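Novice: There's a structure below that I have some questions on.
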Amino acid sequence: MEMDGAAYQEVVRRARAHIECGTTENLAAAEAELASLHHIFPKRLEYICAEVALMIARGEDGAKCRNILDCTTQEFYPMPALADVFELKSRTFPEGTPAWRQTRFAHDFYINSILPQEYFARLNERKAAFLMEPLNANLMRALAEEYYVTRNMLAYFVLMMAYCRLTGREDYDDILIEDTGIPYPDPVYRGNFGFLLRMFTDGNSNLFLLVGTAEERSDQQVLARALDILGQQAMLVCETTATEQAENLNAYALHCIQGARADGEQIVLDVGRYRHEDGKEESATHSVIRLLARSTAQTAPLIVIARDDRMDELHAKDALAGDIQRLSHCLPPQFSYGFSFAWAGDYLTYISYFYGENIEPLLDAPATCDFSIVIPVRNSLDTLRYTLETCLAIDDDGSYEIVLSDNSDEGGDEVRRLVEELNDPHVRYYKTPFVLPLTKSFEYAFLHARGTFIFSLGADDGVLPWALKYIRKAMEDYPSASVISWHRDYYLWPELTGTSVHKIQLVEREVSKQYMVYSLRGEHEGIIANIKSVLYRIPLLYINAGFRRGYLRDILRQTSRILDGGCQDLYMGAVNLLLQETCVEIQYPLTIAGMSGHSIGAAMTCGFSHVGEVPPAAAYLPLRARRGEYVPRRSEMVIPYILTADTFVFYMSLYRLREFGLPMKFHPEQCYTDLSDHIFLTDLRFDRYWGLLLYGSTLCSESVHNQCLRFYEKICNRMKQIEDHEVTDIDIKKGYSKGNQMITLDSTELDCHNVADAVRFEARILNL
């Protein structure tokens, strides 16, 4: 059965009318109206708002209601229901509180599509008062609140930290208000404010560049005074329209730096526009930033603060390329007046400060063993034990280490105690300096590996006994290969499917078929076009591939980063595709990829079809731990953040690498069909994902956008009835597949209950 969009919206309208009446009878009538749409998909944002309005009317928990809206809403491509979203959010806060006022501000904007000036009038009054009395704590907090209400979260944070310093408070998590707007691609994102927290509290005086025009001067002065209270150095980069010529752009930038002047308590750099010989003009700000970042002697990186739209422009400059990276997320264009911050300079400086350890010696340290098996682990003790069992059962006469990087929650010592229990010299234990995001957890672990050849496993994966033997042989046969890959088999832990499933690749043992060498960089265009079929075949440096020790330095030299994407394996797959001419692939399975409840991949793809299925909000993350979070540049948002498509991270990684100067043949519209196929009709995030795709299309071209919009509108005008029983899990077919020589088994029938059992069983079958 189909239902047109107009009829669907009429049912939602009637339900809302009943809800607004508020009587018991009306609420029952509203429930009945919404029940008639229970099996109609896609569920539009208007419908979700109606469901939440009914929950609020019945007195359900406000935080639960907000979480539903946050999970299903985006603001980059404004949709008509956004005004309703924020009106409903405002009902979940006490009237008059900062959070209530912020949601009312957003509502007032979306209802009229004009920024409500009365809010900014109050902000300007508070700014003037604060600049007259910068050490007045009450004025500072009042100003911070107005920045918060107008959704300028960075300014709010800096001022509140200065307030804490003035008043002697250190309970930051208690006093700072959470961002109720959550304008980012995913509600789990919270920004890297923990990085600033460390800079403000580490006892050092670090340099901050405040970039802005004369129109932003009052905001610059506010931030500069707050930073001074925090013991930091602020330098105001005042952008002007004055034009000058010089020998070259760098010479003009140096002239601007040398012309620094004092303006009261602040140091000001007047930076104009450089006129080229052909008459073209450009701002010299990016060159000033680059010169200052490279010449500033401090342990922390240089921090740049600018309006969000100006930050986008700085990131688009080829001259800065890898020398600048956002730490705060892009804001929706309608709120681009808000401030963002970025580090500038050298990546090693950034991560050395980030980890609290000098990284340069780790990169260049000589190998102390033949192999490193790197296992980043986080709260996975129940599966880790069996993964380690497979590593310690390796049949090899050489030397190898197991680098166990413990990224578990603060206070958890189960992994350390397991290492003590095993008491095996192969296992080297590291505790991360704080809870790291997944990509940084892998980077930290790689940096501490001491093997000539390094590869990684997850804490629910396994390694086959013959793995090191075949890798060593490949290294001898291909001495110039930086990266070596292999086949991997699969094991699904029983907690996911109710049964343990084991997929085994049957192989031929002829010497002539031990390797396959195939092109990467030269064939990248064709590989990208067919990435869905080969994504887990390219070397990902995770489970299916490893690298010689010096390769991390090569990656740093060519990309200005080490591990920098949203997902460590898919990012490194993109890196290898663009850096490696060829890949040497061992034609035997050497590892088993486990899939358990700890697997990030399993968690990412889970969808939900009804309001009652929306998962609880992510656990509160302490402010100090909010650092290392992946932040896409504006250009990367041309790829929509669609969690149900594992290819989206790969595509986004390509865009990041292009920003760093790596040449490639790829256009985003190539992947829109693939990504739209993963916006499932039955996913409650349908409008959220389509909004992000439509926003991404606006970054391409008008024609691409119009094509996407027409397709979206067509879907929305042909609603479909889909019963719950039609939404099923992936069917795992057991038996033998002749095409890929893969056998799929129900291993519970073979008394196989964990990945170590799976490794032992496969070893008996293949006997390699």
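Novice: Please pick out the residue among LEU88, LEU82 that is farther than 28 Å from GLU723 by Cβ and touching a Cys at 6+ places or on another chain (Cβ under 7 Å).
Specialist: LEU88
Novice: Identify all residues within the range 611-644 that are touching an Asp or Glu at 6+ places or on another chain (Cβ under 7 Å) and small (Gly, Ala, Ser); write none if there are none.
Specialist: SER635
Novice: Any residue that is in a helix (DSSP H, G or I), touching a Lys or Arg at 6+ places or on another chain (Cβ under 9 Å) and touching a residue at least 60 places away in the same chain (Cβ under 8 Å) - is there at least one of those in the range 238-261?
Specialist: No: zero hits.
Novice: Restricting attention to the range 132-160, report how many residues are touching a residue at least 60 places away in the same chain (Cβ under 8 Å) and in a helix (DSSP H, G or I).
Specialist: The qualifying residues number 7.
For every residue, the table says whether it meets (1) at pLDDT below 95; (2) buried (at least 21 other Cβ atoms within 10 Å of the Cβ); (3) in contact with a strand residue (DSSP E or B) (Cβ under 6 Å, 6 or more places away or on another chain).
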| site | (1), (2), (3) |
| --- | --- |
| ASP173 | yes, no, no |
| LEU176 | yes, no, no |
| GLY191 | yes, yes, no |
| THR243 | yes, no, yes |
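Novice: Then there's this: Inside the range 568-595, can you point out the residues that are assigned to a strand (DSSP E or B) and of a type in the set (S, T, N, Q)?
Specialist: Matches in the range 568-595: THR582, GLN587, THR591.
Novice: Out of all the residues in the range 670-697, which are touching a helix residue (DSSP H, G or I) at 6+ places or on another chain (Cβ under 6 Å) and over 30 Å from ILE40 (Cβ atoms)?
Specialist: Within the range 670-697, no residue meets the criteria.
Novice: Take the residues in the range 717-763 that are of a type in the set (Asp, Glu) and modelled with pLDDT of 80 or more, then tell me which one is nearest to PHE41 (Cα to Cα).
Specialist: Once the filter is applied, the top-ranked residue is GLU723.
Novice: Which numbered condition trips up ALA129, out of (1) among the small types (Gly, Ala, Ser); (2) closer than 30 Å to ILE68 by Cα; (3) not in a loop (DSSP other than H, G, I, E, B)?
Specialist: With (1) among the small types (Gly, Ala, Ser); (2) closer than 30 Å to ILE68 by Cα; (3) not in a loop (DSSP other than H, G, I, E, B) applied to ALA129, the lone miss is (2).
Novice: When the residues of the range 286-307 are narrowed to those that are β-branched (Val, Ile, Thr) and in a helix (DSSP H, G or I), which ends up surrounded by the fewest Cβ atoms within 10 Å (Cβ to Cβ)?
Specialist: Ranking the candidates gives VAL288 first.
Novice: What residue, of PHE120, PHE109, PHE86, PHE76, is within 30 Å of ARG165 (Cβ to Cβ), hydrophobic (A, V, I, L, M, F, W, C) and under 32 Å from the mean Cα position of the chain (by Cα)?
Specialist: Being within 30 Å of ARG165 (Cβ to Cβ), hydrophobic (A, V, I, L, M, F, W, C) and under 32 Å from the mean Cα position of the chain (by Cα) holds for just one of PHE120, PHE109, PHE86, PHE76, which is PHE120.
Novice: In this structure, does ASP186 turn out to be surrounded by 16 or more Cβ atoms within 10 Å (Cβ to Cβ), among the acidic types (Asp, Glu), out of contact with any strand residue (DSSP E or B) (no Cβ under 8 Å at 6 or more places or on another chain) and not in a strand (DSSP E or B)?
Specialist: Yes: the conditions hold for ASP186.
Novice: Could you please find all residues in the range 197-237 being in a strand (DSSP E or B) and among the polar types (S, T, N, Q)?
Specialist: If the condition is that a residue be in a strand (DSSP E or B) and among the polar types (S, T, N, Q), then THR213, GLN233 are the ones that fit.
Novice: Out of TYR630, TYR620, TYR712, TYR689, I need the residue that is closer than 26 Å to LEU314 by Cβ and of a type in the set (Ser, Thr, Tyr). Which one?
Specialist: Testing whether each residue is closer than 26 Å to LEU314 by Cβ and of a type in the set (Ser, Thr, Tyr) leaves just TYR630.
Novice: When only residues in the range 494-542 that are touching a helix residue (DSSP H, G or I) at 6+ places or on another chain (Cβ under 7 Å) and basic (Lys, Arg) count, which is modelled with the highest pLDDT?
Specialist: Taking the candidates together, the pick is ARG521.
Novice: So which residues in the range 24-41 are closer than 28 Å to GLU75 by Cβ and in contact with a strand residue (DSSP E or B) (Cβ under 7 Å, 6 or more places away or on another chain), if there are any at all?
Specialist: ILE40, PHE41
Novice: Is it the case that LYS127 is basic (Lys, Arg) and either crowded, with 21+ Cβ neighbours inside 10 Å or under 30 Å from GLY607 (Cα atoms) (or both)?
Specialist: Considered against the rule, which asks whether it is basic (Lys, Arg) and either crowded, with 21+ Cβ neighbours inside 10 Å or under 30 Å from GLY607 (Cα atoms) (or both), LYS127 comes out as no.
Novice: Sticking with this structure for a sec: Hey, can you tell me all the residues within the range 333-362 that are more than 22 Å from GLY194 (Cα to Cα) and in contact with a Gly (Cβ under 9 Å, 6 or more places away or on another chain)?
Specialist: Residue satisfying the conditions is PHE335 alone.
Novice: Okay, moving on. Could you list, in sequence order, the residues of the range 232-278 that are of a type in the set (A, V, I, L, M), touching a Cys at 6+ places or on another chain (Cβ under 8 Å) and over 23 Å from MET199 (Cβ atoms)? Please lay out each step first, then the result.
Specialist: Initial filter on the range 232-278 (of a type in the set (A, V, I, L, M)): 234-237, 242, 246, 249, 251, 253-254, 257, 260, 262, 267-269, 271.
With the extra rule that they be touching a Cys at 6+ places or on another chain (Cβ under 8 Å), the set shrinks to 268-269, 271.
VAL271, the sole residue that qualifies.
Novice: Considering only the range 473-567, give the strands (runs of 3 or more DSSP E) lying wholly within it that have at least 3 residues that are surrounded by fewer than 18 Cβ atoms within 10 Å (Cβ to Cβ) and on the phi < 0 side of the Ramachandran plot.
Specialist: 515-519
Novice: In the list VAL271, VAL304, which residue meets the criterion of being β-branched (Val, Ile, Thr), closer than 17 Å to ALA234 by Cβ and under 21 Å from the mean Cα position of the chain (by Cα)?
Specialist: VAL304
Novice: Being of a type in the set (A, V, I, L, M) and exposed (fewer than 12 other Cβ atoms within 10 Å of the Cβ) is the filter here, so list the residues in the range 252-285 that pass it.
Specialist: Passing the criteria: only ALA262.
Novice: If you don't mind, there's one more thing I want to ask. For a quick check of your reading of the model, give me the residue pairs whose first member lies in the range 618-635 and is under 17 Å from ARG658 (Cβ atoms), whose second is among the basic types (Lys, Arg), with beta-carbon atoms closer than 6 Å and at least 6 apart or on different chains.
Specialist: The qualifying pairs are VAL631/ARG326.
Novice: Taking the range 400-410, which residues are among the polar types (S, T, N, Q) and either modelled with pLDDT of 95 or more or part of a strand (DSSP E or B) (or both)?
Specialist: Within the range 400-410, SER405 is the sole residue that qualifies.
Novice: Identify, from the list VAL222, VAL211, VAL268, the residue that is touching a Lys or Arg at 6+ places or on another chain (Cβ under 7 Å), assigned by TED's automatic domain parsing to the domain that holds PHE335, of a type outside the set (Phe, Trp, Tyr) and more than 26 Å from ALA321 (Cα to Cα). If you could, list the steps in order and put the result at the bottom.
Specialist: Working: VAL211 fails: more than 26 Å from ALA321 (Cα to Cα); VAL268 fails: more than 26 Å from ALA321 (Cα to Cα).
Step by step, each of VAL222, VAL211, VAL268 is checked, and only VAL222 is touching a Lys or Arg at 6+ places or on another chain (Cβ under 7 Å), assigned by TED's automatic domain parsing to the domain that holds PHE335, of a type outside the set (Phe, Trp, Tyr) and more than 26 Å from ALA321 (Cα to Cα).
Novice: Give the residues of the range 523-533 that are within 14 Å of TYR651 (Cβ to Cβ) and either without any contact (Cβ under 8 Å) to a residue 12 or more places away in the chain or among the acidic types (Asp, Glu) (or both), sorted by residue number.
Specialist: Answer for the range 523-533, where residues must be within 14 Å of TYR651 (Cβ to Cβ) and either without any contact (Cβ under 8 Å) to a residue 12 or more places away in the chain or among the acidic types (Asp, Glu) (or both): GLU525, ASN530.
Novice: If you don't mind, there's one more thing I want to ask. Hand me the list of helices (runs of 4 or more DSSP H) wholly inside the range 639-710 holding 3 or more residues that are charged (D, E, K, R) and within 18 Å of ASP564 (Cα to Cα).
Specialist: In the range 639-710, 647-659 are the helices (runs of 4 or more DSSP H) which contain 3 or more residues that are charged (D, E, K, R) and within 18 Å of ASP564 (Cα to Cα).
The values are calculated or read from the model by the stated rules, or taken from the named source; none is laboratory data. Please read all numbers here as calculations on a predicted model, not as lab measurements. Neighbour counts run over all protein chains shown; Cβ positions are idealised from the backbone, glycine included.
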